[in-house]
Structures are given as C-alpha cells and as structure tokens.
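Q: Attaching a single structure in structure tokens format; questions to follow.
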Amino acid sequence: MKKYIVLVLFLAFSHLSFAQYNLPVKGLAIAAPDKENVNRFVKFINEELAPREVNTLVLRVDYNFQYKSHPELAQEDGLSQTEVDKIVVACQKHGISIIPQVNLLGHQSWHSGLEKLLQAYPEFDETPGIKLPENYVWPNDDGLYCKSYCPLHPGVHKIVFEIVDEIIDAYKADAFHAGMDEVFYIGHEDCPRCQGRDKAELFAGEVTKIRNHLALNGKRLWIWGDRLIDGKTTGIGLWEASYNNTHRAIDMIPKDVMICDWHYERVDPTAVMFAMKGFDVATSPWRKADLAKKQLKLMQDLRANATKEMKEHYRGIVHTVWSSAGSFLDRFYGPFNPEKVDDAVCFKLLYPME
C-alpha cells in the first residue's frame, strides 16, 4: 500500500504543468556554483531547467565573484566574469531571468565565522560586543544566530551598493535579491546609532533605501518575506516570521518589492496577506515534496479565484536549495527515491520534465 501511495504521488506530480496553472514565476533559488561546477551547472540549465520550463533563477552570489569595485570582499576563488558569462548565456538562450542575491542587513556571519563584509569592515557590525563562539550552538545566551550590519552606519551603503551594482551588471540582471531574512539583530541596545529605535522603522528604512537605489537604475528589489510576518500572533514562530516586531514594516515599505514567502514545515497561506497588502508574492518550498505539492495547489487556487485586482499579485513558486550548487547537483543526478525528504527530489516532483 505504501508503494502504491508513493506511485500515485509521483504520477500526480508528473502530470502537473505550470502552463495549466498559468503561474508567471517558475523559479529556483540556489547558490552560485564554484569554479569546479560551472560547466555542470550550465549543463543543468540547458538540460534540466529549460525543459522543465523554469524561468527564474535566484543565484546566491554573496562574495563568490571577483569584485573589481571591492576586491577585499571577493572570495579568493570567486567566479570570474568569463565564468559568469557562461551562466548568463545559457539562461538568456532559454529565457531564464537571473536574479543575483547578496545577503544584506542580516546573515553577515555563519556559526563561528564572519562573512566578508564584517571581516573587511568590522566597524559596520551592529553588535561588536558579541563575539562569535569557537563552537556555535543554538540557543545561546547572546541570542546569536547571524550577525547584522548596522543600517545606520554612515559608510555601509556606499560599499554595499557598489558591489550590488557590480553584480547586477555582471549577471545582466533586471532585479536583485537582498535576502533580508532571519534578521535577529536589529536596533540592538549596544549599538550607539540604533539603540532605542523602532525595529520596524529600522527594517523598513533599510528595505526602502535598497529599493530606492535599485529603482534609480530601473532594477527591482526581491526579498524573503519572513520578517514581515507577525510570528507571535500567527503562531508561525521566530524563524519563518518575526518575534522582534519588524513585521509592522509591511505597512512602511514600497509596494513594488517582490516577496518570496518561504515556509518549510506547514502550508501557511501568508501569500494572501502579502497580496492584500499590495505586494507581488511567490511561495517558496524546500525539501518536503508533499508540502510543495500543497503549496503549488494553494497558489493555483489563489490565482484562479482571485479578483482581477489581486490575481497578478500571486506570481508563482520559487523552489529553494540551501546547500552548495555542487552538492545539489550530486543529489540531483544521483539515485531517485520519491520517498526521500530531499530538495533535489522535491525539485524533480515540483518541476516534472514535460
């Protein structure tokens, strides 16, 4: 009986068609490949993304690029423009829009290591008094998940915007993803600039500043939506939503910001909230195929039953991958087991080969 249920699930996914659902965004969010995997990734674009009708590729670049404006922020083995061009050409060939991502505000550290921005510019640290532990654990006494930069530091945006502009040009992109997810450190009591300020206003101010900079060059801002959801009232919690009151920023930011609404444990219908506030929104699953199927069906139903004013706000799906591109490709091209909880399995079932 169990094998029969799995077969039914597989066949159900195999007959899903985004043309049938009329979803404008059929996306994948994944890390940009390292040098050794660029050719494999191009092969994946040509032979897998294109036939599956994926039309949007959110690439987490961060510092995996040989920045000329700020070489101090470039990974030693970051991609060259020639390697980036291979990815760009493949995507242009198939009409796939690339949206490069550099994590802004939050995610300026990971576990026990600083990311490049705070390594090079420690003065931008929102919480310089909180030291990274030798052995990271969660929870911890400092409430440390990832460091943030101070959004009110007078020098931070000149640096950040220069690499943002450079990576947009490198990938010939019309939009930029700023991350902005899981921001736990904001308006910290130890920050001389941010202490005592409204956290929602600080978050909204940073989103708006980034959006306005991009708009000057006709580019659009994308962000993850978790900090705009009230985690306590909804019961969604502090990871997929906010416990530090940043959720009120939803009424303070420009309505042309594109929201990627990620939920990995339940099918929370928060896309409705974003759409009713006037935002375009895409739902983002990860590795649980049964939930992804329900999320896809929910987006289908919302779009099918919405008023003409609301319909176009429901944009589609952006599947997420949180490993390196190389390890994802290893899983993708490895043995297929539809019972496995796995991002590559979920991707195959969400985007079946036509």
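Q: How many residues, within the stretch 113-143, are of a type in the set (D, E, K, R), assigned to a loop (DSSP other than H, G, I, E, B) and within 25 Å of Gly78 (Cα to Cα)? Reasoning before the result, please.
A: In the first step, residues of the stretch 113-143 are kept if they are of a type in the set (D, E, K, R); the result is 115-116, 123, 125-126, 131, 134, 141-142.
Filter again for assigned to a loop (DSSP other than H, G, I, E, B), leaving 115, 126, 131, 134, 141-142.
When the remaining residues are screened for being within 25 Å of Gly78 (Cα to Cα), the result is 115.
Selection size over the stretch 113-143: 1.
Q: Right, next: Applying the selection to the stretch 165-194, what residues are closer than 30 Å to Gln92 by Cβ and either among the aromatic types (Phe, Trp, Tyr) or in a helix (DSSP H, G or I) (or both)?
A: Step one: list which residues in the stretch 165-194 are closer than 30 Å to Gln92 by Cβ, which gives 165-181.
Residues satisfying the conditions are Asp165, Glu166, Ile167, Ile168, Asp169, Ala170, Tyr171, Phe176.
Q: Going by the conditions given, is Gln101 in a strand (DSSP E or B), among the polar types (S, T, N, Q), at negative phi and in contact (Cβ under 8 Å) with a residue 24 or more places away in the chain? Break it down stepwise before answering.
A: On the way: in a strand (DSSP E or B): yes; among the polar types (S, T, N, Q): yes; at negative phi: yes; in contact (Cβ under 8 Å) with a residue 24 or more places away in the chain: yes.
Yes: the conditions hold for Gln101.
Q: What is the number of the single condition among (1) touching a Phe, Trp or Tyr at 6+ places or on another chain (Cβ under 9 Å); (2) buried (at least 20 other Cβ atoms within 10 Å of the Cβ) that Ala241 does not meet?
A: Among (1) touching a Phe, Trp or Tyr at 6+ places or on another chain (Cβ under 9 Å); (2) buried (at least 20 other Cβ atoms within 10 Å of the Cβ), the lone unmet condition for Ala241 is (1).
Q: Just a yes or no: is a residue in the stretch 164-171 of a type in the set (A, V, I, L, M, F, W, C), more than 24 Å from Gly113 (Cβ to Cβ) and without any contact (Cβ under 8 Å) to a residue 60 or more places away in the chain?
A: In the first step, residues of the stretch 164-171 are kept if they are of a type in the set (A, V, I, L, M, F, W, C); the result is 164, 167-168, 170.
Checking which are more than 24 Å from Gly113 (Cβ to Cβ) leaves us with 168, 170.
Retained after the next criterion (residues that are without any contact (Cβ under 8 Å) to a residue 60 or more places away in the chain): none.
Scanning the stretch 164-171 turns up no residue that is of a type in the set (A, V, I, L, M, F, W, C), more than 24 Å from Gly113 (Cβ to Cβ) and without any contact (Cβ under 8 Å) to a residue 60 or more places away in the chain.
Q: Follow-up. Could you grab me the full set of residues in the stretch 1-51 that are modelled with pLDDT under 95, over 17 Å from Ala282 (Cβ atoms) and outside any helix (DSSP H, G or I)?
A: Of everything in the stretch 1-51, those that are modelled with pLDDT under 95, over 17 Å from Ala282 (Cβ atoms) and outside any helix (DSSP H, G or I) turn out to be Met1, His15, Ser17.
Q: Which condition does Val84 not pass, out of (1) more than 25 Å from Arg220 (Cα to Cα); (2) in contact (Cβ under 8 Å) with a residue 60 or more places away in the chain; (3) in a helix (DSSP H, G or I), if it passes all the others?
A: Result: Val84 fails condition (1) only.
Q: Can you go through Lys311, Lys294, Lys348 and tell me which one is more than 17 Å from the chain's Cα centre (by Cα), within 14 Å of Leu28 (Cβ to Cβ) and at pLDDT 95 or above? So that I can check it myself, show each step before the final result.
A: Numbers: Lys311 fails: within 14 Å of Leu28 (Cβ to Cβ); Lys294 fails: within 14 Å of Leu28 (Cβ to Cβ).
Exactly one residue qualifies, and that residue is Lys348.
Q: When the residues of the stretch 48-96 are filtered to those that are closer than 17 Å to Asp34 by Cβ and among the charged types (D, E, K, R), which remaining residue is surrounded by the fewest Cβ atoms within 10 Å (Cβ to Cβ)?
A: Glu76
Q: Identify, please: which residue in the stretch 123-149 is of a type in the set (Asp, Glu) and farther than 15 Å from Gly113 by Cβ and is, among those, nearest to the chain's Cα centre (by Cα)? First the steps, then the outcome.
A: The first filter runs over the stretch 123-149 and keeps only residues of a type in the set (Asp, Glu), leaving 123, 125-126, 134, 141-142.
Keeping just the survivors that are farther than 15 Å from Gly113 by Cβ gives 123, 126, 141-142.
On the way: Glu123: 26, Glu126: 22, Asp141: 28, Asp142: 26 Å.
Applying the filter and picking the extreme gives Glu126.
Q: Moving to a separate point now. Across the stretch 274-301, which residue is surrounded by the most Cβ atoms within 10 Å (Cβ to Cβ) among those that are in contact with a strand residue (DSSP E or B) (Cβ under 9 Å, 6 or more places away or on another chain) and aliphatic (A, V, I, L, M)?
A: Checked the stretch 274-301; the qualifying residue surrounded by the most Cβ atoms within 10 Å (Cβ to Cβ) is Ala282.
Q: Give me the pairs: first residue in the stretch 176-200 and at positive phi, second residue outside any loop (DSSP other than H, G, I, E, B) and among the charged types (D, E, K, R), beta-carbon distance under 9 Å, and six or more apart or on different chains, which are they?
A: From residues that are at positive phi, the pairs are Gly179/Arg60; Met180/Glu206; Met180/Asp226; Met180/Arg227; Glu182/Asp226; Glu182/Arg227; Gly187/Lys199; Gly187/Glu201.
The values are calculated or read from the model by the stated rules, or taken from the named source; none is laboratory data. Just so we're clear, the structure is a prediction, and the values are computed from it rather than from any experiment. Here Cβ is always computed from backbone atoms with ideal geometry, including for glycine, and neighbour counts include all displayed protein chains.
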